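> Here you go, one structure.
The values are calculated or read from the model by the stated rules, or taken from the named source; none is laboratory data. Just so it is clear, the model here is predicted, and its values are computed rather than measured. In this analysis, Cβ positions are derived from the backbone assuming ideal geometry, glycine residues included, and neighbour counts consider all displayed protein chains. Just the protein is used for accessible areas: all its heavy atoms, side chains included, with ligands, DNA and RNA removed. Shrake-Rupley method; radii C 1.70, N 1.55, O 1.52, S 1.80 Å.
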Amino acid sequence: MPTAVLTDRERTAVQAYLRLLHTVRAAFDGPPDGRRPPVVPPAVLAEAEQALAEAGLAGNEEAFFRLLQNWCPPTP
């Protein structure tokens, strides 16, 4: 199984994305509350955006998700 060797900035971007993903999942998996929609803390979103920008991946989702798939391939 091939793996990608990430730069420090790419690794930071992937880790920030995964934190964002887990935060969003937790927000939607919480108890249903019809009074307000799930909330993702702005700091988590900002961290992911900054990390993507610093890795040169902002606005290039195709390259980012290809990098993510190579680094963390799906399990069969």
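> Among (1) modelled with pLDDT of 75 or more; (2) of a type in the set (A, V, I, L, M); (3) part of a loop (DSSP other than H, G, I, E, B), which single condition is A27 missing?
(3)
> Take the conditions modelled with pLDDT of 75 or more, among the charged types (D, E, K, R) and out of contact with any strand residue (DSSP E or B) (no Cβ under 7 Å at 6 or more places or on another chain) and apply them to R35. Does it pass?
no
> Could you grab the pairs with beta carbons closer than 7 Å, sequence gap of 6+ or different chains, first residue in the stretch 51-70 and part of a helix (DSSP H, G or I), second one open to solvent by 70 Å² or more (accessible area, probe 1.4 Å) and at pLDDT 80 or above?
E54/R9
> Any residue in the stretch 34-45 that's open to solvent by less than 90 Å² (accessible area, probe 1.4 Å) and in a loop (DSSP other than H, G, I, E, B): show its pairings with residues that are at pLDDT 70 or above and of a type in the set (A, V, I, L, M, F, W, C) at Cβ separation under 6 Å, as long as the two are six or more apart or on different chains.
Going by the 6 Å Cβ cut-off, the qualifying pairs are P38/A27; P38/F28; V40/V24; V40/A27.
> Might you let me know whether the stretch 12-23 holds any residue that is part of a loop (DSSP other than H, G, I, E, B), open to solvent by less than 70 Å² (accessible area, probe 1.4 Å) and modelled with pLDDT under 85?
No, the conditions are met nowhere in the stretch 12-23.
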